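Here the structure comes first, spelled out in structure tokens, and everything after it is commentary.
Rule-based calculations on the coordinates, nothing more; no lab input. Since the structure is predicted, the reported quantities are computational estimates derived from the model, not experimental observations. Reconstructed Cβ throughout: ideal geometry from the backbone, glycine too, with neighbour counts over all protein chains shown.
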Ligand code: FES
Ligand code: FES
């Protein structure tokens, strides 16, 4: 099933000679060396592998690369190119969210997608957008605080800009 | 000059050795002769921990593995404080495993703070003394005339100042001060300790650049999966290796003939598949057909364990753990008695980063890149298994995507080394989530039959626990014991703790707050039952039991191997109980229907914690933990308040998650659960608000990786009782029992 798959990753177009059923996660990590996206469960159950495919938060561990041919993929390595992503990273730093840090790339990708669609999320919005992203260290208090802080920072930026 | 250094080195080492009696190996103060070496032009090394460059930047080694407790930031803070340098001028490097230089390097037991609080401050202070001595030599004055300001030595009388960078070269030639007598700063003058300090790797984490074990790449590396028998310790009888070897990307596949004693934590048997990508190795595994021999353990099941426990409860216990007074008599004469059976299941560690390790074997030398909590154990195990000297094993400490005790056991390290050797190439071994969940060292399950006797005034006068736990050949399994000093022993005149063993070959091991994470649920829930039976407020009942301040021996050592014993201070516990009660408005709130508050307290890992939970139970029985108030006493300093609060909040939510969602069950000798759909992690939508306050008391600071967890579970269970009248005596919480 090997063929050439073309996709844009963080703005760079790649032509990859890989099996089309290889999950996007393993294409990113082992074929392209983009290891910021993490493997947690391989079954769409933990969110560690969350990336954006055409802007939508997507579990890359259960997404065959062939299914996203021609799409625009954004990973944690490229999220700073997006103003919302940058704001989320800044809030994550300010609040000092992580413990082990392993889930945080996925959390940041999910939070960026949430804040892009819902700039001022309620607690209920946060619960429903983020419940798919497990944090084994249970940094949820700070994840919630950082999402709210990012919403606030974005509003300040809009007023300033 | 070299001679002088070596002399200084020897002298310092002897003094250090005498100071700690060999218990804590401080390879601390070896002023490096390497100043004369490669880095001589740009940097001078004061000792194994600190390097000061001419620009005044201090590089401090982080000696321990980082598993998420913030140790990579916190331990260097201790050195930097006493070195007296601005935190912005500090860079931190992760040390490799090197027992000669760093002594014990282990992430576990909440030991990092108590074990390093004193020695690492002394390292910083010694370096500062050497910088002062260097300045005094330059200025031809007495060192006592000099002091430091962050990053510089000052001579107040003349107003002269010299930066550490300018002094580092001379400082390295100064005699090493006696670590025991090196002057420490007055604690009131701290500039770094006690300040919320963002973790050093925060930038790397939020940009995806942080390297975890799973991210290691070495030249020429292949990827491996290791398929083990679903029954721990089982052996492959035959396997379709020819077929597997023809799968796309497969480089090698072979049987590993290991030990049948899975609980020992060494190399067990299985089938290794090495491929040019992990996914291809894993895909090839889908086609793997193995006939396994599970041995005697294949007869194990959770149902069998429960039946065994019921049978053992009907017989006299086989071992006495503690005996005070005459329990049977006291129970017979009690005004009221309460009896209850408690159960908690096996649970897994489920670190979000599955077990993995990268290994390269060249000749009889092994190089390992490991997300491990205990590198020395991995080194010993690899050396023993491969038949090579320990000195031939190099271990690089790679950040762990969570530890929780799982990575204290070195099985993935020895597997990677063995497979790399056999495959004759560097290998990154990665377990699937199913491997990780089914080949864990589980928090052991346990069964308790409790009897309590109250006198006419409602005071607890008799307590009996028959604890049915797991073991082999009369020996209690790892982390499956009960302490003779378990609270409320020593506060109850007639107390009998005894145990019986179920024979078991399921691997068990330490999970965050080992023992306590389960025992606190049992004993603190039972205290709540007794309080109700006595007609007392549960908070008051516990305070009354603690009664007047005193120290109770626990029989445990302050640090492994040390003669210094740990006492339980009833006053510190009473104080956190009072604090938690006042923070939460205990007894003063009017609560809606099916909403309740529960209280629990627990002493573990030298930390005193009292917690109050507010829980609302919906009509369908789902408990929603709305808020938890935590009062903690871990001594007089919270070294890094940012990570401290994060640890406490995470521990509390972790404990609640385990009580709500986690249970490992055994069928036909193997683990049933395979992924987060059947052994879930708590998610953000179920995480309560956690309010934390630290009482600052006059004791040396102690650790925070564990002690906040144990009381969280009984606090929510007691709150559920307050909300519904239903008592949770079995975990995980069965919501069917809580329906309106
Ligand atoms: S690794 Fe993809 S959801 Fe867990
Ligand atoms: S920070 Fe460890 S899993 Fe989230």
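Relative contact order (percent) for chain B, with alpha-carbon contacts under 8 angstrom and 6 or more residues of separation? Display every interim value, and only then the final one.
Working: 1719 pairs, mean separation 100.2, N = 740.
Dividing the mean separation by the residue count of chain B yields 14 percent.
Going by a ≥ b ≥ c, the root eigenvalues of the Cα gyration tensor, does region B:329-424 fall in the rounded group (a/c under 1.5), the prolate group (a/b larger than b/c) or the oblate group?
Values: a/c = 4.07, a/b = 2.89, b/c = 1.41.
Prolate is the answer for region B:329-424, as a/c is 1.5 or above and a/b outweighs b/c.
What FRET efficiency do you get for residue B:472 and residue B:248 if R0 is 35 Å and r is their Cβ-Cβ distance, rounded to the nearest 0.05?
That pair, residue B:472 with residue B:248, gives E of 0.20.
Our helix-only sum for chain B, with -39,500 (n - 2.57) per DSSP H run of n ≥ 4 divided by its residues, gives a mean residue ellipticity at 222 nm of -9000 deg cm²/dmol.
For residue A:12 and residue A:128, the FRET efficiency from 1/(1 + (r/R0)^6), where r spans their Cβ atoms and R0 equals 35 Å, is about 0.60. Between the helical axis of A:104-117 and the longest alpha-carbon principal axis of chain A there is an angle of about 70 degrees.
Using a 7 Å offset from Cα along Cα-Cβ at residue B:550, what residues in region B:560-590 end up with backbone N under 11 Å from the label point? Correct set: B:570.
Extent of chain B along its three principal axes (Cα atoms, max minus min coordinate, largest first): 81, 72, 44 Å. Across chain A, Cα pairs under 8 Å and at least six residues apart give a relative contact order of 22 percent.
Distance from the Cα centroid of region B:403-439 to that of region B:443-491 is 36 Å (rounded to whole angstrom).
Against chain A, whose longest principal axis comes from its Cα atoms, helix A:83-95 is set at around 60 degrees.
Annotation for residue A:81 and residue B:697: the two label points, set 7 Å from Cα along the Cα-Cβ direction, are 5.5 nm apart.
Here the simple spin-label model places points 7 Å from the Cα toward Cβ, and for residue B:456 and residue B:291 these points are separated by 7.5 nm.
Of all DSSP beta bridges in chain B, what percent run antiparallel (nearest 5)? Provide the component values of the computation, followed by the final result.
Details: 90 of 123 bridges.
Taking every DSSP beta bridge with both residues in chain B, the antiparallel ones total about 75 percent.
Remark: the residue A:31-residue A:54 segment gains 6.2 nm on full extension, using 0.36 nm per residue and subtracting the alpha carbon distance. For the peptides B:716-729, B:85-98, B:65-78, the ranking by packing is B:65-78, B:716-729, B:85-98, with the highest mean count of neighbouring Cβ atoms within 10 Å listed first. Computed on the Cα atoms alone, the convex hull of region A:1-160 gives a volume of 99 cubic angstrom per residue.
What number, in nm² with one decimal, is the all-direction average of the projected area of the convex hull of the alpha-carbon atoms of the protein assembly as shown?
Hull-based average projected area comes out at 39.8 nm².
Only beta bridges with both residues in the protein assembly as shown are counted; by DSSP, about 75 percent of them are antiparallel. With the helix formula -39500 (n - 2.57) applied to DSSP H stretches of n ≥ 4, chain A reaches a computed 222 nm mean residue ellipticity of -11000 deg cm²/dmol.
Just subtract the alpha-carbon distance of residue B:341 and residue B:157 from 0.36 nm times their residue separation and send over the number in nm, one decimal.
Fully extending the segment from residue B:341 to residue B:157 adds 58.9 nm.
Take every pair of alpha-carbon atoms less than 8 Å apart whose residues are at least six positions apart; their mean separation over the length of region B:79-191 yields a relative contact order of 31 percent. To test your reading of the geometry: what angle, between 0 and 90 degrees and rounded to tens, separates the Cα axis of helix A:140-160 from the longest principal axis of chain A? For A:140-160 against chain A, the angle is about 80 degrees.
Note on region B:194-218 and region B:220-243: Cα centroid distance 33 Å, given to the nearest whole angstrom.
For residue B:137 and residue B:590 in the same chain, what is the full-extension length gain: residue separation times 0.36 nm, less their Cα-Cα distance, in nm?
The span from residue B:137 to residue B:590 would gain 156.0 nm if fully extended.
For region A:82-160, what does the convex hull of the Cα positions come to per residue, in cubic angstrom? Don't skip to the answer; put the middle values down first.
Values: hull volume 6.0 nm³, N = 79.
For region A:82-160, the hull spanned by Cα atoms encloses 76 Å³ per residue.
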